[in-house]
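> I have a structure here, written as structure tokens, and I will follow up with some questions on it.
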Amino acid sequence: MSSIMTNTAALTALQSLNATNKSLEQTQARISTGYRVSDASDNAAYWSIATTMRSDNQALSTVSDALGLGASKVDTAYTGMNKAIDTVNAIKVKLVAADGASDADKEKIDIEIKALQGQLKSYSDSATFSGANWLSTDTTTGTSAAGTFDDVKIVASFNRNSAGTVSLGTIDIDVQNIKLYDAGKTDETDAGILDGTRDNTGARATAQTATAGVAAVAGDTYTVDTLSATGYSDTQITDMIGVVEGALKDMTTAATNLGASKTRIDGQKTFTSSLMDSIDRGVGQLVDADMNKESTRLQALQVQQQLGIQALSIANGSSQSILSLFRG
């Protein structure tokens with residue numbers, strides 16, 4: 001039925017055109033943004049999940065940076081420790097040469113030992129990265145107890161459980177057993193590896209200073225960073241070699257621990273990078289638009305829009321034809 005009051009065909013064509021335009025706007029938005037879900041109104045659940053995971057990925061990026069900084073600190077300490085081990089080995093060689101040598105030769109050897117001891121302190125003081133030095137320390141302040149260097153915690157992971165609770169994981173570095181010098185030591189048990197006193201077995205011991213030129217006494221102790229060959233008997237020098245051996249054992253253990261920490265940090269950093277990529281892929285599957293599909297859909301909707309405009313024009317034309325009857 002044709003009516004001059006209600007153009008049913010035009011209304012139908014207009015509704016169809018409006019629906020096409022709405023779909024066209026949605027498709028154009030997806031193509032321009034690259035997202036199928038760019039706002040909560042598109043899909044509230046997916047948008048919420050994606051927003052949370054993007055936030056977590058930003059936190060993981062910071063964790064990766066922290067691991068990189070921690071790795072640099074560990075690597076610096078490890079480098080300093082290796083050089084110190086080489087230098088202490090050189091001191092041991094000089095002591096072996098001094099054993100049985102004349103007093104005059106011992107004095108000459110002692111000059112070399114003093115130079116090596118100075119080099120040891122220089123290596124330790126220089127092993128600093130971003131203000132952190134784990135070889136040459138001062139536990140007078142800034143630690144939970146004088147003489148004890150608190151474990152250094154390197155942020156290694158960002159965790160979110162099923163309840164949404166967030167926590168951080170750390171890799172702990174036992175600096176107390178790595179340090180070579182400690183200006184804040186309270187006794188020999190918490191001193192550094194090189195400035196702590198040791199007996200002839202190389203074990204840490206309460207300080208009992210040996211006297212040069214006097215027969216060795218049970219319990220005599222020496223410190224690697226202050227021992228001297230001048231005026232000491234061969235027996236005492238032999239005891240010094242035992243002291244150096246004990247220090248070398250502790251330094252080798254410290255270097256091993258640093259190396260293990262470096263390996264763990266590198267592994268965690270690689271895992272964090274892979275985890276970030278995995279989260280990016282997961283979020284993409286939730287909210288990214290299929291550009292091939294959307295491009296094809298855009299072309300189809302543009303054709304539908306043109307046809308809708310033509311249909312609306314035809315429907316309006318029919319009304320004009322009815323009105324022309326009255327004009328005649």
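The values are calculated or read from the model by the stated rules, or taken from the named source; none is laboratory data. Note that the structure is a prediction, hence the values are computed from the model and not measured. Because the Cβ atoms are built from the backbone with ideal geometry, glycine has one as well, and the counts that use them run over all protein chains shown. Only protein heavy atoms, including side chains, enter the accessible area calculation; ligands, DNA and RNA are left aside. Shrake-Rupley method; radii C 1.70, N 1.55, O 1.52, S 1.80 Å.
> If V93 passes every condition in (1) open to solvent by 60 Å² or more (accessible area, probe 1.4 Å); (2) modelled with pLDDT of 95 or more; (3) within 26 Å of the chain's Cα centre (by Cα) but one, which one does it miss?
(3)
> Turning to a different aspect of this structure: Check segment 110-119 and report whether any residue there is at pLDDT 95 or above, in contact with an Asp or Glu (Cβ under 8 Å, 6 or more places away or on another chain) and buried (at least 19 other Cβ atoms within 10 Å of the Cβ).
Yes - at least one qualifying residue is present in segment 110-119.
> Could you tell me whether D280 is acidic (D, E), modelled with pLDDT under 90, surrounded by fewer than 20 Cβ atoms within 10 Å (Cβ to Cβ) and under 30 Å from G34 (Cα atoms)?
no
> Now a separate question. Within segment 121-170, can you find the residues that are open to solvent by 40 Å² or more (accessible area, probe 1.4 Å), in contact (Cβ under 8 Å) with a residue 40 or more places away in the chain, in a loop (DSSP other than H, G, I, E, B) and among the aliphatic types (A, V, I, L, M)?
Hit for segment 121-170 is A146, nothing else.
> Quick one: in segment 171-197, of everything that is open to solvent by less than 20 Å² (accessible area, probe 1.4 Å) and closer than 30 Å to M276 by Cβ, which residue is nearest to the chain's Cα centre (by Cα)?
Going residue by residue through segment 171-197, those that are open to solvent by less than 20 Å² (accessible area, probe 1.4 Å) are 171, 173, 175, 178-182, 184, 190-197.
Filter once more, keeping what is closer than 30 Å to M276 by Cβ: 171, 173, 175.
Numbers: I171: 9, I173: 13, V175: 18 Å.
By that ranking, first place goes to I171.
> Just a yes or no: is a residue in segment 190-210 small (G, A, S), modelled with pLDDT of 90 or more and not in a loop (DSSP other than H, G, I, E, B)?
Going residue by residue through segment 190-210, those that are small (G, A, S) are 191-192, 196, 202-203, 205, 207, 210.
Filter again for modelled with pLDDT of 90 or more, leaving 191-192, 196, 202-203.
Filter once more, so that each one left must be not in a loop (DSSP other than H, G, I, E, B): none.
Checked against the condition, which is being small (G, A, S), modelled with pLDDT of 90 or more and not in a loop (DSSP other than H, G, I, E, B), segment 190-210 yields no hits at all.
> When the residues of segment 292-328 are narrowed to those that are open to solvent by less than 60 Å² (accessible area, probe 1.4 Å), touching a helix residue (DSSP H, G or I) at 6+ places or on another chain (Cβ under 9 Å) and over 22 Å from G34 (Cα atoms), which ends up modelled with the lowest pLDDT?
Result: S319.
> While we're looking at this one, here's another question. Of these, T8, T79, T12, T62, which one is within 30 Å of L194 (Cβ to Cβ), open to solvent by 70 Å² or more (accessible area, probe 1.4 Å) and either among the polar types (S, T, N, Q) or without any contact (Cβ under 8 Å) to a residue 12 or more places away in the chain (or both)? Lay out the reasoning, then the answer.
Numbers: T8 fails: within 30 Å of L194 (Cβ to Cβ); T12 fails: within 30 Å of L194 (Cβ to Cβ); T62 fails: within 30 Å of L194 (Cβ to Cβ).
Step by step, each of T8, T79, T12, T62 is checked, and only T79 is within 30 Å of L194 (Cβ to Cβ), open to solvent by 70 Å² or more (accessible area, probe 1.4 Å) and either among the polar types (S, T, N, Q) or without any contact (Cβ under 8 Å) to a residue 12 or more places away in the chain (or both).
> Going through segment 198-221 one residue at a time, which ones are buried (at least 21 other Cβ atoms within 10 Å of the Cβ) and under 21 Å from M81 (Cβ atoms)?
Matches in segment 198-221: R198 only.
> Continuing with this model, one more query. What is the residue count in segment 171-189 for residues that are within 19 Å of T252 (Cβ to Cβ) and part of a loop (DSSP other than H, G, I, E, B)?
So the first thing to find is which residues in segment 171-189 are within 19 Å of T252 (Cβ to Cβ), and the list is 173-181.
Next, from what is left, pick out any that are part of a loop (DSSP other than H, G, I, E, B): 174, 178-180.
Looking only at that region, the number is 4.
> Right, K269: open to solvent by 60 Å² or more (accessible area, probe 1.4 Å), among the charged types (D, E, K, R) and touching a Gly at 6+ places or on another chain (Cβ under 7 Å) or not? Don't jump to the end; show me each part of the working.
Details: open to solvent by 60 Å² or more (accessible area, probe 1.4 Å): yes; among the charged types (D, E, K, R): yes; touching a Gly at 6+ places or on another chain (Cβ under 7 Å): yes.
When the stated conditions are applied, K269 passes them.
> Within segment 20-28, is there a residue that is surrounded by fewer than 13 Cβ atoms within 10 Å (Cβ to Cβ) and either within 30 Å of L194 (Cβ to Cβ) or modelled with pLDDT of 90 or more (or both)? Steps first, please.
As a first pass, look at segment 20-28 and keep what is surrounded by fewer than 13 Cβ atoms within 10 Å (Cβ to Cβ): 22, 25.
With the extra rule that they be either within 30 Å of L194 (Cβ to Cβ) or modelled with pLDDT of 90 or more (or both), the set shrinks to none.
No, because not a single residue in segment 20-28 is surrounded by fewer than 13 Cβ atoms within 10 Å (Cβ to Cβ) and either within 30 Å of L194 (Cβ to Cβ) or modelled with pLDDT of 90 or more (or both).
> Identify the single condition in (1) open to solvent by 70 Å² or more (accessible area, probe 1.4 Å); (2) polar (S, T, N, Q); (3) farther than 30 Å from T33 by Cβ; (4) in contact with a helix residue (DSSP H, G or I) (Cβ under 9 Å, 6 or more places away or on another chain) that T256 does not satisfy, given that it satisfies every other one.
All conditions are met except number (4).
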